[in-house]
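Some notes on the structure that comes next.
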Amino acid sequence: MSIGIALMGLLVGFLVGLTGVGGAALLTPVLIMVGVNPSIAVGTDLFYNSFTKFFGVIQHWRQKTINFKLVKYLAIGSVPSAAAAIFILQLFNSTFHNQDQIIKHSLGFILIFVAISTLIKTFFDNKLKPNRWQLKPLEQKRGLTIFLGALFGFIVGLTSIGSGSLFALAMMFLFRMTGSELVGTDIAHAFFLVTVAGLLHASTGSVDYMLAGNLLIGSIPGVLVGSTLSAKVPTKPLRTVIAAIIIFSGIKLIV
């Protein structure tokens with residue numbers, strides 16, 4: 001057991017529970033910066049994330065706050081798309097041997113985008129008025145939902161980032177849902193997506209199981225403590241600071 005990795009998991013889990021900011025956006029760049037190979041960082045984060053999402057799915061299933069039809073349409077697009085991204089990564093690695101460079105640059109740009117989406121969600125979540133897309137029934141938005149699933153699923157397969165933040169932002173703009181239903185649906189879909197992507201990365205040897213285990217040892221209590229304190233601590237300033245840190249991490253990975 002590595003105490004340092006467990007403490008890193010504890011800190012990330014605590015911040016996720018406290019602010020709701022996606023754990024992958026915090027964890028993956030940190031793993032790369034401390035010397036973990038980019039492909040291992042992405043694969044391990046996806047594998048580790050499937051366990052953390054599983055507990056969230058159980059809780060939201062009990063609370064009946066999951067829109068399973070929306071989860072199905074998103075997954076129809078996202079799961080094959082994530083698989084395609086992983087296949088393309090392997091293809092580039094065997095042909096051009098530049099997999100890690102692709103991951104680092106893609107990760108940098110997506111981190112910046114995720115940070116901006118986090119700021120939008122933080123400051124405009126309660127100010128958005130219903131738009132024409134929100135007023136349409138889900139069946140009329142099936143094609144768009146599958147397309148968004150495919151677009152963001154590819155990003156998740158490539159970088160491990162966005163299974164929560166990007167999909168949550170899209171759902172916030174396109175669907176009329178309560179806050180708890182949005183979170184529950186987002187977590188349920190993310191569980192299916194990161195589990196499949198994590199297993200595919202594992203099949204290519206891109207998962208460090210010991211690293212994932214050490215992260216889980218720290219992150220599970222961290223999430224529980226952070227979630228408990230989230231109602232007592234003003235999270236907007238914290239989210240803003242974390243978004244700024246994520247932007248800085250993204251720029252550092254690009255340059």
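What follows is calculated from the coordinates using simple rules that are stated; it is not laboratory data. Nothing here was measured: the structure is a model prediction, and the numbers come from that model. Here the Cβ is made from the backbone with ideal geometry for all residues, glycine too, and neighbour counts use every protein chain on show.
Per-residue ellipticity at 222 nm computed for the chain from its helices equals -27500 deg cm²/dmol, with DSSP H segments shorter than 4 residues left out and the rest contributing -39,500 (n - 2.57).
Here the Gaussian network model covers the chain, with springs between Cα atoms less than 10 Å apart; of Ser78, Ser94, Ser180, Ser94 fluctuates the most.
The HN-Hα couplings worked out from phi for region 47-59 by the Karplus form 6.51 cos²θ - 1.76 cosθ + 1.60 (θ = phi - 60°) are 4, 5, 5, 4, 6, 5, 5, 4, 5, x, 4, 4, 5 Hz, whole numbers, x standing for Gly and Pro.
In the chain, the C-alpha radius of gyration followed by the widest Cα-Cα span (Dmax) gives 17.2, 52 angstrom. In angstrom, the C-alpha Rg and Dmax of region 126-254 are 17.1, 48. From the Cα gyration tensor of region 30-82, with a ≥ b ≥ c the square roots of its eigenvalues, which class applies: rounded if a/c is under 1.5, or else prolate if a/b is larger than b/c, or else oblate? It is oblate, given that a/c is not under 1.5 and a/b is not larger than b/c.
Extension gain for Leu199 to Lys64 (0.36 nm times residue separation, less C-alpha to C-alpha distance): 45.8 nm. Checking the Cα-Cα distances for Lys72/Lys232; Lys232/Lys252; Lys121/Lys141 against a 27 Å cut-off, the pairs over it are Lys72/Lys232; Lys232/Lys252. Taking the alpha-carbon centroid of each part, what is the distance from region 218-255 to region 70-117 in angstrom? Measuring centre to centre over Cα atoms gives 23 Å. Sparse packing (at most 16 other Cβ atoms within 10 Å of the Cβ) combined with a DSSP loop state is found for the following trypsin sites (Lys or Arg not before Pro) in region 133-237: Arg176, Lys232. Fully extending the segment from Gln134 to Leu224 would add 29.1 nm, taking 0.36 nm per residue of separation and subtracting the current Cα-Cα distance.
Over the chain, with a Gaussian network built from C-alpha contacts below 10 Å, which listed residue (Gly213, Gly205, Gly35) shows the highest mean-square fluctuation? Looking only at Gly213, Gly205, Gly35, the biggest GNM fluctuation is shown by Gly35.
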